[in-house]
Amino acid sequence: MDLSARGRKKESESAYLNEARRASDIFPLGEFVAHENPDFLITAEGKTYGIEVTELCLEQPRTEAATFQRIPGNAKALYNQLIDAVPVDVSIVYSRQAESLHPNQLAKSLAAFVYEQQGKTGVYSWQAVPEGFSRIGIHDVLPTAASGGRWYGFRAFNVEIALRELLERCIARKNARLPAYRGAAGNLWLLIVNDQFLGPGEVYVRPEDLSAWSFTFGFEKVLLFAREAGGGGKVYELQRSGN
């Protein structure tokens, strides 16, 4: 991971941690200090706490979403290379068939389609658009917008309820790293962030499931932050097996 990506990741983790603290008084008072192994340290009442932050999601859809997010920009670059290409705003919605097509193919077919509509604006759907898309909107660039137009896309996704095994694997991965964390703090917590936005790769953990499940872990506390849009949410303390 390069330094810029590492910095963005640390900023996101810090935001999650502060949002979780606003949602719950379970966290000790004091300043969170960025650290490595674990992610943050906090000293309160003479004790040092280490807090590791991780996200609960499905890795494959999350990775695929990142790939699909790059396609509009790649298509725009190809379009701008064409002769007399007029700047336009382009919005797209992928169809389910997009998963079976190579990203380069999708970018090329999108650029070619927009170029074919030179001088026309409107929303084109289904049979009128290339394979892999369910809708393509072409609009004039607003006078106040940046030059070149904005190209962006959306992808349909399904709501998935989190299974116990997904949460169990998430905890086990971090639990295996406990020896590396112990050198920094004697009191270690794991904060699992479960976005409730239901975007690509996100899952929904039901509160009634959390009350029935228990897990094996060596952390002093394992917390799940059910994060809502806008930064609100609720923090749940997970039960330890054998309690």
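The values are calculated or read from the model by the stated rules, or taken from the named source; none is laboratory data. Because the structure is predicted, anything quoted here is derived from the model rather than measured. Note that each Cβ is placed from the backbone with ideal geometry, even for glycine, and that neighbours are counted across all protein chains shown.
Descriptive notes on the structure:
- Extreme residue, surrounded by the fewest Cβ atoms within 10 Å (Cβ to Cβ), among residues of the range 89-99 that are within 22 Å of the chain's Cα centre (by Cα) and assigned to a helix (DSSP H, G or I): Arg96
- Being at pLDDT below 90 and under 20 Å from Ser95 (Cα atoms) is a property that Arg155 has.
- The range 32-59, residues that are among the charged types (D, E, K, R) and touching a residue at least 12 places away in the same chain (Cβ under 8 Å): Asp39, Glu45, Lys47, Glu52, Glu55, Glu59
- Among (1) closer than 16 Å to Lys76 by Cα; (2) at pLDDT 90 or above; (3) under 28 Å from the mean Cα position of the chain (by Cα), the one test that Phe113 misses: (3)
- Here the range 60-88 is the region considered, the condition is being at pLDDT 90 or above and charged (D, E, K, R), and the residue that is farthest from the chain's Cα centre (by Cα) is Asp84.
- Hey, Lys47 closer than 30 Å to Asn18 by Cβ and exposed (fewer than 15 other Cβ atoms within 10 Å of the Cβ) or not: yes
- Out of Ser134, Ser91, Ser147, sole residue that is modelled with pLDDT of 85 or more, among the hydroxyl-bearing types (Ser, Thr, Tyr) and under 19 Å from Gly73 (Cβ atoms): Ser91
- Answer residue from the range 220-243, given it is in a loop (DSSP other than H, G, I, E, B) and under 24 Å from the mean Cα position of the chain (by Cα) and is modelled with the lowest pLDDT among those: Gly230
- In the set (1) in a loop (DSSP other than H, G, I, E, B); (2) more than 22 Å from the chain's Cα centre (by Cα); (3) closer than 30 Å to Glu220 by Cβ, Thr43 fails one condition alone, (1).
- Residues of the range 100-127 satisfying the condition of being part of a strand (DSSP E or B) and either hydrophobic (A, V, I, L, M, F, W, C) or in contact with a Ser or Thr (Cβ under 7 Å, 6 or more places away or on another chain) (or both): Val123, Ser125
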